[in-house]
Structure formats: structure tokens, C-alpha cells
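The next block holds one structure in the form of C-alpha cells; read it before the comments.
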Amino acid sequence: MKAFLIVLVLLIGTNCLFAQEDTYQTVTARVDDVLYKAIYKSSDRSISILKPNGKTMLHLNSGDCYEEGFSSFKFVDFNGDGYKDLFIEHMSNVAGRCDLLLYDKLKKKFVLIKDFPDYPVPERLKNTNLYYSYHRSGCADSNWDSDLFKIINNKIIKIGNISGLDCGDKEIGVFITKVRGAKEQLIKKYPISEIGKYKNYKWGFIEQYWKRNYRKFI
């Protein structure tokens, strides 16, 4: 019996040691003629951006944003300015929640965009400085929202919203709202059946509406 207990303790201890071992994931990109490296460290669920000399430019813990942790990260030119940024996806029960570190070409550093996780599944409108998001708003995704926004001085400015309601005690339909700070102005509404006219249903409606009408919100 004693021998069994000793073996069991040794096995548990060994497993704990293995569980505590760090694993690393690395992506690299040349930005403004400098080769940057982003490293994910499993033990504290952190991402660091390193310069070629190994010096840490920025260190981001998952707890700084959301406790769920990070699921993936990559360098991509998110805002179309010709410089790659770091795009980070979260482990979350909210699909498409992510963080963005834009490269500031004047300061020559990466800057975390405040409140970016509040705008899931972000898409850039081609040839503009505008973006739109999508998130579920209840009733098993029968209610949903898409926000139109821009990024100025590394902050998000919300300028429009599409709200789809197909469940609950409020008026059913698709409601288009212009946003200016705390002020909201309803400018258009459709029957909920409108989204059924699009190949990709509500996602197709959202994409086409913002592409065709974004100028109304500028």
C-alpha cells in the first residue's frame, strides 16, 4: 500500500511539472524595415512584442483584456495603411471577440486600441477608414447588432448601428441608427423579412447595407 501511494504521489508530481511547462507560439513581421516578433507564452497567457535586439516593446496579459485568454494572433495590415498590425483573437463565448494593436508609424510602436473587444468580428470597408462589427444580442441570435465605426487617435468612434430584432416584446424589424456620441437618430427601418432577400441572410444584408450607405453616417 505504501509503495502504491509513493508511486501515485510521484505520478501526480510529474504531471504537475509537465502542466507547468511553458509552451510558446511565435509570429514575425517586418514593419517599417524592422523585424518584430510576437510571442505567446502559455503559463501566464501573455503576448509580447519584441524588437530585433530582444527588448520587449509591449507585453499584454490576457487579464488586461478578458480572462478567457487568447486563441490566435497574427500580423496583418488591418487599417490598410501599408504597415502590419497585430490582430489577436480571444477565447470567448462571444464569437469573434478580439484585440488590435495598431502600428503607429509616427511613434514607431504598437498601440492597443481601447474597447476593441466590444466590436466583434470586425471588417474593414474597402477603400475607406471605416469598419463594421457583428454580435449576438439575445434570443439565440435572433436579435443581433452591427456597429459602424472608425478609429481616430487609437480610439473607436461609433457612428452607426444596425439592430435586428426577431424575438421578444419589442417591435420586430431591422432598425438603422445614426450615432453621434450619446445621441442616436433612427433613419431607416425594414421588416425583418428583408434579410431573407440576401444570399448570406443577415450577414449579407449587413455587408451590403454598410457598403452602399456608409457615406450617410460620415
Only one of Leu112, Leu165 that is touching a helix residue (DSSP H, G or I) at 6+ places or on another chain (Cβ under 9 Å), hydrophobic (A, V, I, L, M, F, W, C) and in the same structural domain as Gly82 (by TED's automatic domain parsing): Leu112
Single residue of segment 155-187 satisfying the filter (part of a loop (DSSP other than H, G, I, E, B) and small (Gly, Ala, Ser)) that is nearest to Asp99 (Cα to Cα): Gly181
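Name the one entry in Lys150, Lys126 that is at pLDDT below 95 and out of contact with any Lys or Arg (no Cβ under 7 Å at 6 or more places or on another chain).
Lys126
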Contacts under 8 angstrom Cβ, first residue in segment 197-212 being assigned by TED's automatic domain parsing to the domain that holds Gly164 and within 17 Å of Ile187 (Cα to Cα), partner buried (at least 16 other Cβ atoms within 10 Å of the Cβ) and among the small types (Gly, Ala, Ser), 6 or more apart: Ile206/Ser146; Trp210/Ser146; Trp210/Gly160
Selection count, segment 158-186, where residues are of a type in the set (A, V, I, L, M), free of Cβ contacts under 8 Å to residues at least 40 places away in the same chain and surrounded by 13 or more Cβ atoms within 10 Å (Cβ to Cβ): 5
Candidates Tyr214, Tyr131 - the one that is part of a helix (DSSP H, G or I), surrounded by 14 or more Cβ atoms within 10 Å (Cβ to Cβ) and modelled with pLDDT of 95 or more: Tyr214
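The values are calculated or read from the model by the stated rules, or taken from the named source; none is laboratory data. Bear in mind the structure is a predicted one, so any value in this text is a computation, not a measurement. Counting neighbours? That spans all protein chains shown, and the Cβs are built from the backbone with ideal geometry, glycine included.
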